[in-house]
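The values are calculated or read from the model by the stated rules, or taken from the named source; none is laboratory data. Since we're looking at a predicted model, the values are computed, not measured. All Cβ positions, even for glycine, are placed from backbone atoms using ideal geometry, and neighbour counts span all protein chains on display. For accessibility, only protein heavy atoms count, side chains too; no ligands or nucleic acids. Shrake-Rupley method; radii C 1.70, N 1.55, O 1.52, S 1.80 Å.
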There are 4 protein chains.
Amino acid sequence: MTVRIGVLGVGRIGRMHAEIIANEIEGAAVAGVFDVNEAAAAAVADELRVPVMTVEEMLASPDVDAVAVCSSTDTHVELIERAAAAGKAIFCEKPVSLDLAEVDKALAAVEKFQVPFMVGFNRRFDPTHAAVQEAVASGRVGEPHIARLSSRDPAPPPVEYIKVSGGIFVDMMIHDFDMARFVVGSPVTKVYATGAVRIDPAIGEAGDLDTAVVTLTHENGCITVIDNSRQAVYGYDQRMEVLGSTGMAMSENPMKNAAMVYTSTERQGSVLPYFFLDRYTDSYRIEWEAFVRYIRDGGPSPVSGADGRAPVAIGIAAWDSYHSGVPVTVDQG
Amino acid sequence: MTVRIGVLGVGRIGRMHAEIIANEIEGAAVAGVFDVNEAAAAAVADELRVPVMTVEEMLASPDVDAVAVCSSTDTHVELIERAAAAGKAIFCEKPVSLDLAEVDKALAAVEKFQVPFMVGFNRRFDPTHAAVQEAVASGRVGEPHIARLSSRDPAPPPVEYIKVSGGIFVDMMIHDFDMARFVVGSPVTKVYATGAVRIDPAIGEAGDLDTAVVTLTHENGCITVIDNSRQAVYGYDQRMEVLGSTGMAMSENPMKNAAMVYTSTERQGSVLPYFFLDRYTDSYRIEWEAFVRYIRDGGPSPVSGADGRAPVAIGIAAWDSYHSGVPVTVDQG
Amino acid sequence: MTVRIGVLGVGRIGRMHAEIIANEIEGAAVAGVFDVNEAAAAAVADELRVPVMTVEEMLASPDVDAVAVCSSTDTHVELIERAAAAGKAIFCEKPVSLDLAEVDKALAAVEKFQVPFMVGFNRRFDPTHAAVQEAVASGRVGEPHIARLSSRDPAPPPVEYIKVSGGIFVDMMIHDFDMARFVVGSPVTKVYATGAVRIDPAIGEAGDLDTAVVTLTHENGCITVIDNSRQAVYGYDQRMEVLGSTGMAMSENPMKNAAMVYTSTERQGSVLPYFFLDRYTDSYRIEWEAFVRYIRDGGPSPVSGADGRAPVAIGIAAWDSYHSGVPVTVDQG
Amino acid sequence: MTVRIGVLGVGRIGRMHAEIIANEIEGAAVAGVFDVNEAAAAAVADELRVPVMTVEEMLASPDVDAVAVCSSTDTHVELIERAAAAGKAIFCEKPVSLDLAEVDKALAAVEKFQVPFMVGFNRRFDPTHAAVQEAVASGRVGEPHIARLSSRDPAPPPVEYIKVSGGIFVDMMIHDFDMARFVVGSPVTKVYATGAVRIDPAIGEAGDLDTAVVTLTHENGCITVIDNSRQAVYGYDQRMEVLGSTGMAMSENPMKNAAMVYTSTERQGSVLPYFFLDRYTDSYRIEWEAFVRYIRDGGPSPVSGADGRAPVAIGIAAWDSYHSGVPVTVDQG
């Protein structure tokens, strides 16, 4: 059986998902694509030799088993509600919504219609980070005491994007909030957030930060520190580590290449992969393999609705903490 | 303009090339596939939605710009001669032939019909090894004095394959002979070869070795040592280095993942990529990009006929050295 | 000219300093030793073939150029005042005192008698950390945006020690507060501290923490996160990094040895150096070389009185923050 | 009981040994020093507060338990014979002699007078290389198939020294011959040697090489390749590895420091330790600890006379191979 997936939204990330499904995932196929930008939809349809569809057609078609919600964030919840009502399995890009009440509406629809639902937190599927999580989950490093996560982009997005993004804690650090929950294996109860505008004043004028440091407290007592920068000129820096009572597990950065040059003054190697498309290539493929297995074999969602909700709640609490200057308790839903 | 490529032979390696051309190379397309195993041809044709063709049809078709010769080694030379006569550009998997006279016949045909010709020494296109070559070619490490190359497979091929392979020096170490010429930037004039059967007596009974160490002397005075093993249980070990008068450039092994676990007794990381399909994924893609650029833009072949001939000559000399126990001069053509 | 140094206090750390001065520092000699534990003083005197002295004798002797204050913390200030009045150059182990008013008394004496004064923050002299500091100070990584420091001990000290130590922020993290100031190159203005008892309840019963995470804000806008653990079972983990506007500089951990073993299931290397005597061997020697140069050639103190005061002030503010649960402003003196 | 050691020869290496014995080795003391250069002897005697002695005095003194033969190579055998006759335990710097017959004379004296005897192959005591040897000896990597050793100096010695050194195979590569025997755990039966003059023509005019590559065959079937260069401008490069049937063990190079700087164009780290005094500091101390244990507790010599002889025999065979151009069988004594 092939899982036939309709892709809703084929901008940069949606197109990437469509190409991966079509070319790399055994047992999955792109059933059709939709985009409000008709030219974009046509281009991807042409490349992958699949039909352009309207949302209505996609949700009505018996030949569509699942939808991938890859459109702009403000459209996610309505599409999830409609797809759930149509009985389709749902993959939703992160974040489900910038608004917790909206997230809850989407999750309620998923619950009501009992459709499979998975959130696209791709980093969980990166082999390096996954190996860290396994080391913790298997008990090899014991009880988690301290976790450290660094996520740094090579360059900031356009300010226009930043204005509608929800800001650094909800747009960017949301991945780290998810990974903190994932690798530590415990919910986050408290947040202290600080940050600064160091890279581009226009980001500050848009009400956002480009540099941020957050301290989390988990239910199991682990303390996690996360730092984000919108501009690490040396590449896409993605590290995490968990210190536990019997050891430590960490993600080092893979490098762009493994050549080294030694001279009389230095030992010199390549920079990091430039950005997420270079660094996380494997994670997207493995994410889709997990989705297909989930649809075929059932079982718990690889990244559930609750997993989609919690990082949004932490991000909102982080903004509260940043603005108030004191630690804030996280809404546990 | 799209370069339309007919793939001759779609066994494991030919199928991989066909999939890469179809899915990953902008400006290239698979025009059709041929295989003596009709079921194999049909399966790939079906997967990529391209026609099955006979060799005659492929060479006669005005819609085929180039052929990829990926069939068994003993068929390469005849196919090259026919494709050259038909005016097709040619990509040929290594080795061109196990017999130098046969190689020369193929190169004569290429010369006579003046068709573009490239040999599939994919390791030249690996970003790590390429960075080493660039460091040497740019003069950063000065005059090459000593080079070291290690190539070790995770597991030996079937003995049936070994019997027709030409043996370790022509089948396996041929890649290292090519890379030695490539990174050192100078022809090889002398070979001393030694080896042993340490892994599987059946390999020895087939007249081959599974463990080999070779010393090369280059025209520019550089001394190169190469070691090969058919079975490094820890994965596909692929390293090279060039010590020069002003520095050293080396390929380290990329790892399967970049996670590390620290405990009270050890620091533990992942193994190497298992084999060439995992390790050299990028190199195959970049190789095809180079071929397409070469067909479109002209210029010298990225891996010329002479580049295809030299490693065969070195491999043959290595067998002579192994059997005679003394160093042997290499046929320079 | 040889700098003749009297060592006040030859417990574990004082004895180490005395041995380094005697055996490894060109241009320095141990003039004599004192300890309230007479047997300890006699043992070191015997080993190094130097006299045991009283404090009075040491301060009165024209053959003593400088004193090394290595006695218990509560005796530092009085010894500094007396040595300054005697016109001796002073090296003082960290911390100068657990009490800021006491620190100020000591610094006032140094100021009044205009004697050379250096605080023993040895990590500044570690070649790895020093290279990070130089990369920042030279402008190579641009304006500092985010710094991260991890210091983790392999095992906690006795609870008896902890009770008089001033607690984790003043006893242990004081090194990181110093290094944060040193590598970032800017004073610390604000502290947010959190922590936990995860390793040994007896540490909690003594009013202390064994796990702590602190966020600092520097005058130049840099945000620094520090984590400390009293028990990282994998060894003495000492890392720091500074992300700046044009790059990033970091200290990796040197390993106990550089051997690696590869098997079919893992790549395995040695653990970290066990503790500070293994990890920071070089730093202590270089520290004494810096002291000797300072005494001989004059110039600013390598680690001044102000450098000794600031980390104490940050540590006290960290305790305030921990107890109040909110960020606290640091006393700038 | 303290082992009292007389040091015969306190040039660069002898002085280093004397300082280590005096300052770092518990249970050992320098009983006195001798050097044909009286000023050199006086300087070391003064520094360490020990007497200058004649050879006769040293060998006659009941207060001397052992001698360290650190004089020029051509004096070793006579000193060993005399010390053995005097009943002293003997530590001898490598090589015992450049002449096998002379080595055999020395070993015969040791045998006749039944004195403890150890050769100063310090690299065996380097923690990194020792961990590789242990991995092999313990069976962790299985049967050794291929070994690779690289030893490269940062700069060549004076040509005057080279003229009396025995040449690269006996002076420099002798360490690698010893380590090949040590880590592979099997005698060397055959040698093929090649080399070149690439660094300094004066070295060639002195009849020596500055660049050399040697292939060894061991009794157990392992093939070992060794490369040496008198000038690796990037520092003292010391690596070895053993590929076995169940894994691989290798020495990576420790670095001068563990700082890394990342910029938009590169990742940059420190160079290697400059030379043996920086790289092998620990090995010399551990070597003396082994000697002292051997003298006190008995048991087999940590590095026996046979261990001292074999590398000389291999070096002589290497010169034969180099001059004849063909592989040569090694004199097994």
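Structure above, values below:
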{"quantity": "Cut-off under 5 Å, modelled amide H: who pairs with A:ILE199 long-range", "calculated": "A:ASP210"}
{"quantity": "Contact order normalised by residue count of chain A, Cα under 8 Å, 6+ apart, percent", "calculated": "19 percent"}
{"quantity": "Threshold 30 Å² - residues in region D:206-226 whose accessible area is reduced by that much or more when the chain is no longer isolated, probe 1.4 Å", "calculated": "D:THR211, D:VAL213, D:THR215, D:ILE223, D:VAL225"}
{"quantity": "Percent carbon-and-sulfur accessible area, region A:35-155, ignoring ligands, DNA and RNA, probe 1.4 Å", "calculated": "52 percent"}
{"quantity": "Cα-Cα pairs of region C:58-155 separated by more than 19 Å (percent)", "calculated": "54 percent"}
{"quantity": "Bridge type composition, the protein assembly as shown - antiparallel percent by DSSP, nearest 5", "calculated": "60 percent"}
{"quantity": "Axis-proximal residue, chain A, for the rotation superposing A on B (Cβ, Å)", "calculated": "A:ASN23, 2"}
{"quantity": "Three-way shape label, region C:277-317, alpha-carbon gyration tensor, a/c 1.5", "calculated": "oblate"}
{"quantity": "Stokes-Einstein D (µm²/s) once Rh is taken as the Kirkwood radius of region B:150-208 over alpha-carbon pairs, at 25 °C in 0.890 mPa s", "calculated": "191 µm²/s"}
{"quantity": "CD proxy at 222 nm, helix term only [per DSSP H run n ≥ 4: -39500 (n - 2.57); per residue of the protein assembly as shown; nearest 500]", "calculated": "-11500 deg cm²/dmol"}
{"quantity": "Span-like helix ranges in chain D, DSSP H, alpha carbon extent 18 angstrom or more, Kyte mean at least 0.5", "calculated": "D:100-113"}
{"quantity": "Region C:6-94 - share of DSSP beta bridges that are antiparallel (%, nearest 5)", "calculated": "0 percent"}
{"quantity": "By accessible area with a 1.4 Å probe, ligands and nucleic acids excluded, highest first: order of C:LEU107, D:LEU8", "calculated": "C:LEU107, D:LEU8"}
{"quantity": "Globularity ratio of region B:1-113, using Cα Rg and 2.2 N^0.38 Å", "calculated": "1.00"}
{"quantity": "Two-decimal Rg/Rh across region A:147-262, once Rg and the Kirkwood Rh are taken from alpha-carbon atoms", "calculated": "1.02"}
{"quantity": "Exposure ranking of C:PHE91, B:PHE275 by accessible area [1.4 Å probe, largest first]", "calculated": "B:PHE275, C:PHE91"}
{"quantity": "Heavy-atom accessible area ranking, 1.4 Å probe, most first, across A:ILE295, D:ILE226", "calculated": "A:ILE295, D:ILE226"}
{"quantity": "Per-copy distances of the B:SER245 label point, shortest first, in nm (7 angstrom along Cα→Cβ)", "calculated": "4.3, 4.7, 6.3"}
{"quantity": "Ascending list, in nanometres, of distances separating the B:GLU205 label from those of the other copies (7 Å, Cα toward Cβ)", "calculated": "6.1, 7.2, 8.1"}
{"quantity": "Nearest-0.05 FRET efficiency for D:SER324 and C:ALA306, computed from C-beta distance (R0 51 Å)", "calculated": "0.10"}
{"quantity": "Net charge, B:VAL197 excluded, C-beta distance under 9 Å - Lys, Arg +1, Asp, Glu -1", "calculated": "-3"}
{"quantity": "Fluctuation leader among A:GLY166, A:GLY298, A:GLY308 - chain A, Gaussian network, Cα springs under 10 angstrom", "calculated": "A:GLY298"}
{"quantity": "Solvent-accessible area buried by pairing B with A, both sides, nearest 100 square angstrom, 1.4 angstrom probe", "calculated": "2000 Å²"}
{"quantity": "Exam field: C:ASP282 pseudo-label spacings to other copies (7 Å along Cα-Cβ), nanometres", "calculated": "1.3, 3.1, 3.3"}
{"quantity": "Accessible surface of region A:255-319 [probe 1.4 Å, protein heavy atoms]: carbon and sulfur percent", "calculated": "53 percent"}
{"quantity": "Anisotropy class of region D:84-216 from Cα gyration tensor, a/c 1.5 cut", "calculated": "oblate"}
{"quantity": "Distribution of pairwise C-alpha distances over chain D, 20 Å bins, in %", "calculated": "30, 58, 11, 0"}
{"quantity": "Reachable lysines, given that their alpha-carbon falls under 28 Å from the alpha-carbon of A:LYS163 and they are not under 8 places away in the same chain", "calculated": "A:LYS94, A:LYS105, A:LYS190"}
{"quantity": "The protein assembly as shown: C-alpha gyration tensor shape, a/c 1.5 cut-off, then a/b vs b/c", "calculated": "oblate"}
{"quantity": "Per residue, in Å², the accessible surface of the protein assembly as shown once ligands and nucleic acids are set aside, probe 1.4 Å", "calculated": "35 Å²"}
{"quantity": "DSSP bridge pairs, chain A: antiparallel proportion in percent, nearest 5", "calculated": "55 percent"}
